[in-house]
């Protein structure tokens, strides 16, 4: 009987164990599938958000004075340095990567510039999102190694679903309108 009382008293006096603090990811965490769905359904605006989130994490980590807002709004000017930073971080932490920042930048910019082309060329500009995929895959590997337990951002939130629904319908309507015969 004493053993039971003693164990009960020890259990009552025991301090709860604090959960281990999860390190924040070094780069924006998002699954490749979610990145592509959001990119297509927002007609590329999710790419601007993607750059903003990455630059914001870089600014915080490096304690620099860069402006994530301007670097994301001027994504064509700063995409190379973002891709190169991701590659450099991977190499610094001994992750084997084949992230060619130059060709990714050229592809992202050239395909993205189709958005100012005549109908229906602009439709092809949504393919620029594919040039973010290699960088995101490396960023996810970095995050998995250096911030285990972080949220990998694979699931679609209510806001994501609303954006996909609204943006997807607008994107579809825009594509149909571009190919609709006039007159």
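Which of 141, 154, 87 moves most in a GNM of the chain, Cα contacts under 10 Å? It is 154.
Calculate the FRET efficiency for residue 70 and residue 176 from the Cβ-Cβ distance with a Förster distance of 30 Å, rounded to the nearest 0.05. The calculated FRET efficiency here is 0.30.
Sort the range 31-120 into rounded, prolate or oblate with this rule: let a ≥ b ≥ c be the square roots of the eigenvalues of the Cα gyration tensor; rounded if a/c is under 1.5, and if a/c is not under 1.5, prolate when a/b is larger than b/c, oblate otherwise. Because a/c hits 1.5 or more and a/b exceeds b/c, the range 31-120 counts as prolate. Helix 45-62 axis versus longest C-alpha principal axis of the chain: approximately 50°, rounded to the nearest ten. Taking label points 7 Å from Cα along the Cα-to-Cβ direction, residue 106 and residue 121 give a separation of 1.9 nm.
Treat the count of other C-beta atoms within 10 Å as a stand-in for reagent exposure and order 41, 82 from fewest to most. Walk me through the numbers before you get to the answer.
Details: 41 21, 82 24.
Arranged by neighbour count, lowest to highest, 41, 82 become 41, 82.
Note on the range 28-81: Cα-only Rg and Dmax are 11.4, 33 Å.
For the range 25-176, what is the convex hull volume of the alpha-carbon atoms per residue, in Å³?
On the way: hull volume 15.8 nm³, N = 152.
In the range 25-176, the Cα convex hull volume per residue is 104 Å³.
What fraction of the Cα pairs in the range 97-157, stated in percent, has a spacing above 15 angstrom?
Numbers: 1115 of 1830 pairs.
Counting every Cα pair in the range 97-157, those more than 15 Å apart make up 61 percent.
Calculated mean residue ellipticity at 222 nm for the chain: -20000 deg cm²/dmol, from DSSP H runs with n ≥ 4 weighted as -39500 (n - 2.57), summed, divided by the residue count and rounded to 500.
Values quoted throughout were computed directly from the atomic coordinates according to the rules given, and no laboratory measurement underlies them. Fair warning: this is a prediction, and the values are worked out from it, not measured in the lab. As a convention, Cβ positions derive from the backbone with ideal geometry for all residues, glycine included, and neighbour counts pool all protein chains shown.
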